[in-house]
Amino acid sequence: MKHQLPPLPYEYSALEPFIDTKTMELHYSKHHATYVEKLNTALETFPALHDKPIEELLQNFNNLPESLKISVINHGGGHYNHSFFWNIMCPPSIGGGTEPIGRLATLIESQFDGFKTFQEEFNKKAVGVFGSGWVWLVVGIGGDLQLTTTQNQDSPLMQGLIPLIGLDLWEHAYYLKYQNRRQEYVSAWWNVVHWKAVEVHFEKIKEAR
């Protein structure tokens with residue numbers, strides 16, 4: 001089965017004014033769609049791999065045929081990263097921009113000396129990414145929380161890490177509204193983080209370990 005562009009869980013305008021309508025439309029319908037299309041094209045000569053979930057392809061990319069690796073990293077990573085990204089955001093009117101609660105909040109508090117300090121460290125890493133890439137909060141191999149960055153469309157899954165939140169730092173994610181003001185985009189993005197969805201994801205990770 002070919003990989004599919006997943007439905008966007010809200011309207012293009014839902015994250016206004018923090019992420020503008022036109023950026024959302026282009027980001028989803030053009031950029032993400034292109035990653036899916038090119039991933040499927042690359043897999044055409046490897047039909048047995050079409051049935052593999054994108055997570056499995058990325059986690060085991062070292063075992064892929066050499067001629068396929070770069071396409072899975074770039075286009076498969078782009079597909080996975082964006083599918084993840086859409087689902088950890090929601091409009092402020094239904095919960096976007098709150099703070100985490102429960103076990104995740106406790107872990108952030110203990111590992112980063114508070115939520116505000118965590119945000120500051122996340123923002124610093126985001127602004128410091130050179131060129132295109134992502135910044136992530138992940139669950140490490142030992143179960144601890146880590147802040148990390150990836151270049152281009154590399155996925156944390158390739159390093160054995162499990163994403164909890166991730167922010168797209170490619171210019172196509174923010175340039176129409178924020179132009180070269182990446183710091184402003186990063187700060188605004190916290191208003192649409194869907195912490196409830198992140199918490200549910202975190203609990204599933206803990207249950208699976």
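The values are calculated or read from the model by the stated rules, or taken from the named source; none is laboratory data. Bear in mind that the values here come from a model prediction, so they are computed numbers and not experimental data. Cβ coordinates were reconstructed from backbone atoms using ideal geometry, including for glycine residues, and neighbour counts include every protein chain displayed.
State which residue is farthest from Glu44 (Cα to Cα) when the search covers only the range 63-83 and only residues that are surrounded by fewer than 23 Cβ atoms within 10 Å (Cβ to Cβ) and either outside the structural domain of His27 (by TED's automatic domain parsing) or not aliphatic (A, V, I, L, M) (or both).
Only one residue tops the list, namely Ser83.
Out of the residues in the range 1-30 that are under 28 Å from Phe61 (Cα atoms) and surrounded by fewer than 16 Cβ atoms within 10 Å (Cβ to Cβ), which is modelled with the lowest pLDDT?
Looking at the filtered set, the residue picked out is Met1.
Counting only residues that are under 23 Å from Asn180 (Cα atoms) and touching a Lys or Arg at 6+ places or on another chain (Cβ under 8 Å), which one in the range 126-147 is surrounded by the fewest Cβ atoms within 10 Å (Cβ to Cβ)?
Going through the qualifying residues, I end up with Val127.
Does Asp154 satisfy being charged (D, E, K, R) and at positive phi? I'd like the intermediate steps shown before the answer.
Details: charged (D, E, K, R): yes; at positive phi: no.
So Asp154 fails the test.
Can you tell me which residue among Asn60, Asn123, Asn87 is crowded, with 17+ Cβ neighbours inside 10 Å and either among the polar types (S, T, N, Q) or assigned by TED's automatic domain parsing to the domain that holds Gln151 (or both)?
Details: Asn60 fails: crowded, with 17+ Cβ neighbours inside 10 Å; Asn87 fails: crowded, with 17+ Cβ neighbours inside 10 Å.
Only one candidate qualifies: Asn123.
Between a residue in the range 118-131 that is farther than 16 Å from Ala105 by Cα and any residue that is hydroxyl-bearing (Ser, Thr, Tyr) and part of a helix (DSSP H, G or I), which pairs come within a Cβ distance under 9 Å, given they are 6 or more apart or on different chains?
Correct list of pairs: Asn123/Ser187; Ala126/Tyr185.
Restricting to the range 49-95, count the residues that are without any contact (Cβ under 8 Å) to a residue 12 or more places away in the chain and among the β-branched types (Val, Ile, Thr).
2
Per-residue answers, yes or no, for (1) within 30 Å of Asn191 (Cα to Cα); (2) of a type outside the set (A, V, I, L, M); (3) out of contact with any strand residue (DSSP E or B) (no Cβ under 6 Å at 6 or more places or on another chain):
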{"residue": "Gly102", "(1), (2), (3)": "yes, yes, yes"}
{"residue": "Asp113", "(1), (2), (3)": "yes, yes, yes"}
{"residue": "Trp134", "(1), (2), (3)": "yes, yes, no"}
{"residue": "Val138", "(1), (2), (3)": "yes, no, no"}
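Taking the condition of being surrounded by fewer than 17 Cβ atoms within 10 Å (Cβ to Cβ) and farther than 23 Å from Leu145 by Cα, how many residues in the range 159-175 meet it?
3
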